[in-house]
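Structure first, then comments.
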């Protein structure tokens, strides 16, 4: 084997189809695009979702649902989470900053205290909303549930 007879392995190189190069190329005339029609023209572009003239799926299926633009989303934090934080880190006053520092909320999340679990300590909680059972549990232990307006 010499440098002058080196060649790539059989089938490793595939030459691209050279179209639009005249009749002698074997692909002349229509340049492999068939006869006439939109697909034979330059600049042809098919609409997204076009299914060959069949009624497209986005028109076959009905619209449904409703998105309320005035909906207020809350991050729910249960009483048992507050209890475990109060015992582990000896926290008695819970507010937005305390929740952020402990990774329970991020950014401008709104907080709703929910009633799952039991309290063992007296705590004061400031949040955007409270469930009835959560407020009752906090106040039963002598704590204060303050709503942020």
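Readers should treat all values here as calculations from the given coordinates under stated rules, not as data from a laboratory. Small disclaimer: the values here were computed from a predicted structure and weren't measured. Using ideal geometry, Cβ is built from the backbone for each residue, glycine included, and neighbour counts are taken over all protein chains shown.
Within the stretch 20-42, track down each residue that is under 28 Å from residue 52 (Cα atoms), surrounded by 10 or more Cβ atoms within 10 Å (Cβ to Cβ) and over 43 Å from the mean Cα position of the chain (by Cα).
20, 27, 28, 29, 30, 31
One line per residue, one yes/no per condition, for (1) assigned to a loop (DSSP other than H, G, I, E, B); (2) surrounded by fewer than 13 Cβ atoms within 10 Å (Cβ to Cβ); (3) out of contact with any strand residue (DSSP E or B) (no Cβ under 7 Å at 6 or more places or on another chain):
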| position | (1), (2), (3) |
| --- | --- |
| 76 | no, no, no |
| 84 | no, no, yes |
| 88 | no, yes, yes |
| 97 | no, yes, yes |
| 103 | yes, yes, yes |
| 106 | yes, yes, yes |
| 118 | yes, yes, yes |
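Please enumerate the residues belonging to the stretch 123-141 that are touching a helix residue (DSSP H, G or I) at 6+ places or on another chain (Cβ under 9 Å) and part of a strand (DSSP E or B).
In the first step, residues of the stretch 123-141 are kept if they are touching a helix residue (DSSP H, G or I) at 6+ places or on another chain (Cβ under 9 Å); the result is 123-128, 130, 133-134, 137-138.
Answer for the stretch 123-141, where residues must be touching a helix residue (DSSP H, G or I) at 6+ places or on another chain (Cβ under 9 Å) and part of a strand (DSSP E or B): 124, 125, 126, 127, 130.
What's the total number of residues in the stretch 60-74 that are part of a helix (DSSP H, G or I) and either under 23 Å from the mean Cα position of the chain (by Cα) or surrounded by 10 or more Cβ atoms within 10 Å (Cβ to Cβ) (or both)? First the steps, then the outcome.
At the first step, the residues of the stretch 60-74 found to be part of a helix (DSSP H, G or I) are 60.
Now narrow it down to the ones that are either under 23 Å from the mean Cα position of the chain (by Cα) or surrounded by 10 or more Cβ atoms within 10 Å (Cβ to Cβ) (or both): none.
Total meeting the criteria: 0.
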